[in-house]
Structure formats: C-alpha cells, structure tokens
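Worksheet: one structure, shown below.
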Amino acid sequence: MCQTNPERSPVESEVLEHPSVEEIDLVEVLKALSDPARLRLLAVMGDGDYHACRAEVYDLDLHKSTLSHHFKVMREAGVTMTRVTGRNRETRLRKEDLDARFPGLVDSLISGVTKEQTT
C-alpha cells in the first residue's frame, strides 16, 4: 500500500506552453502530423487520456531525445498538451480543441492510421 507523508505537500503540475484554440493553424497541425511516428502518437492518444512520455507506451523504437522532439513539435502546433509533475511528463491529445477548429480531422487521421496498421 502506498502511504503519503502528511508533512509533504503533493507535487504541483504545470502545463507547458501551447497555442490557444484560436491560434491553432491547420497548416501547422498537418506539418506536425506529417511524420509516421507522430501519427502513431496521435492514434495512441486518441483516447483523450494523459499518457507518459516514454517510447514503450506508444510501441515505438525511438531514442528518448527523438521522442521528446516529436512531442515538442506536436505541442507547439497545438495538437497536444503536456503537463509536468516533478520529473514526469504526460501528454494528451487536444481532441476537443482540434474538433472545434477542424471538425472530423482527428477522427479521420486516427481512422487512417488504424487501417494502415491492420493491413
């Protein structure tokens, strides 16, 4: 069983900078998703939950620095949101925000990635 120290406050999370919904640009989103590894990240994050920023979570054989670069590109384009808690980073797809700007885009991309992986 996990016990907590009552004298120690929980570590606060911070959300890394990302564009507002209004600032999300279609060209930047498409550029960010033009890499097969980033499309794979998108498909895994399609559930809307936060996921740890580790290659094994996404079944990718990528070096840590390469994966970090992919997450940065996606965050800066407005595709994802990353929160930092202590030394841990977790990322989630900004599906609601992307759907508000570009209805159906995310679902179409995830569907395409899923079909491609099964063939």
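Each value in this text was obtained by applying a stated rule to the coordinates, not by laboratory testing. What you are looking at is a predicted structure, and each value in this text was computed from that prediction instead of being measured. All Cβ positions, glycine included, derive from the backbone under ideal geometry; neighbour counts span all protein chains shown.
Annotations for the structure displayed:
- Along the chain, counting only GluC sites (Glu not before Pro) with a DSSP assignment other than H, G, I, E or B and at most 11 other Cβ atoms inside a 10 Å radius, the longest segment between sites is 18-119.
- If R0 is taken as 41 Å, the Cβ-Cβ distance between residue 107 and residue 87 corresponds to a FRET efficiency of 0.75.
- Equivalent ellipsoid semi-axes, the chain, via Cα gyration tensor eigenvalues times 5, rooted, Å: 27, 18, 13
- With R₀ fixed at 22 Å, the C-beta to C-beta distance from residue 115 to residue 23 puts the FRET efficiency at about 0.10.
- Proximal lysines relative to residue 31, as straight alpha-carbon distance under 19 Å, when same-chain residues fewer than 8 apart are discounted: 72, 95
- Fully extended contour minus Cα-Cα distance, from residue 99 to residue 55, at 0.36 nm per residue: 13.2 nm
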